[in-house]
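Below is one structure, written out as structure tokens, with a few remarks after it.
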Amino acid sequence: MKAFAMPSSANLTLTFCVIFFTWNPYHSVDAFANFYSIQTKSTRCGKSIKCSSTGLHALTERQIQFWEDVDEGIQERSEYFEGELGQSTMKRIRNFSLSAQGGIPKPRPSGPKHDPSEEYVEGLSAKPVWDLASEDAKTLFPWSSELEKKSHIIIKEYNKKLEKEREMRKEGLFSQDSIWQNKVMGEGWSALRLMRLGVWNTKNCQQFPETYALLSSLDIPFAVRGVCFAKQMPGSGVAEHSDGRNFILTAHLGLKVPQDCWIKVAEQKKTWEEGKIIIVDTSFKHSTGNPSDSERHVLIIDFWHPELTAPERAGLEFIYDLRNKFETGKVPVRKTRSVKQKEPQPFLGWWKTLTA
């Protein structure tokens, strides 16, 4: 069995015919449900068409092409890892694919205010807030204690950069992503991305070389959504929402935290501390508030759920990388295998006339 290179990801911009959609990785948009799954009604090349609510035929040909390629890639990875490990490895990822297509019922919440999307991996523990003081925390999050221990490196570099921006009276540090973020997170929230969808932002990382070096050294299992500095303006907050994906957890490292700032996940309300980490599951509905008269700053790290296996991570990375390639036009349009099978075969017909 030949080995294969694990893919990386880049920005996601969806283009199907005349439809343009920008995927917001910090919002519960259920992008697979909206654009890669069975719909009762969809738009193709500017025309509204009705589809059956069940069955593969309800997908567009381009959507079918995507899922055919997903099946092929998952099968390849399954064979590779089964050869290495001697056991089945991709059952939950195959079910993820079915769920994301709308082929099986939407997952049920595991508790109050749990709001998982169709992008769902079954069997993962679901907790609004994970306890870093628990006995198994060192096993589940081995990088967290070292990050807290060396958080002063990040805080010092970050505060120095903020102070320099203020001295120069510049507001550019958090301006680049704010337009789309404000539509989702509210006017008071903005972010500076260091990593998005598995790819480090070289320009931004050059502004924070010590932070980049530290994060790169800790073997954090970064997930598709990435890493960012997040600022919350005084007197503002983020309204309750869910990010949907239960296979990604989120760590918040407090950098600059005024008194009384809070984050609420399901029914658990927590406060940040400078140099300390909070780990939350954002598939639960969550909100934040900054009632103070100062800015609140945290470092946000999205990482794979620790109960995912290495093969399952590889499968998810492949799916999201392929989705990125589809959405950025890097995968040529082709006829789906189901369409090819239905097409007449001229040569075969000609041969039958000769042998009749």
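The values are calculated or read from the model by the stated rules, or taken from the named source; none is laboratory data. A quick note: this is a predicted structure, and the numbers were derived from the prediction, not measured. Virtual Cβ from ideal backbone geometry, glycine too; neighbours counted across all protein chains shown. Heavy atoms of the whole protein, side chains included, go into the accessibility calculation; ligands, DNA and RNA do not. Shrake-Rupley method; radii C 1.70, N 1.55, O 1.52, S 1.80 Å.
Working only within the stretch 110-156, note down all residues that are acidic (D, E), within 25 Å of R296 (Cβ to Cβ) and surrounded by fewer than 19 Cβ atoms within 10 Å (Cβ to Cβ).
Hits for the stretch 110-156 are D131, E146, E148.
Would you check if K270 is in contact with an Asp or Glu (Cβ under 6 Å, 6 or more places away or on another chain) and either assigned by the TED database to the domain that holds E119 or closer than 29 Å to Y120 by Cβ (or both)?
The answer is no for K270.
Within the stretch 23-32, is there a residue that is open to solvent by less than 60 Å² (accessible area, probe 1.4 Å), at pLDDT 85 or above and within 18 Å of the chain's Cα centre (by Cα)?
no
Mind checking which pairs have a first residue in the stretch 99-112 that is touching a residue at least 60 places away in the same chain (Cβ under 8 Å) and a second that is open to solvent by 80 Å² or more (accessible area, probe 1.4 Å) and assigned to a loop (DSSP other than H, G, I, E, B), Cβ under 8 Å, 6 or more apart or different chains?
P112/E267
List the helices (runs of 4 or more DSSP H) inside the stretch 239-356, counting only whole elements, that have at least 1 residues being of a type in the set (S, T, N, Q) and either closer than 20 Å to R225 by Cα or modelled with pLDDT of 95 or more (or both).
Hits in the stretch 239-356: 310-327.
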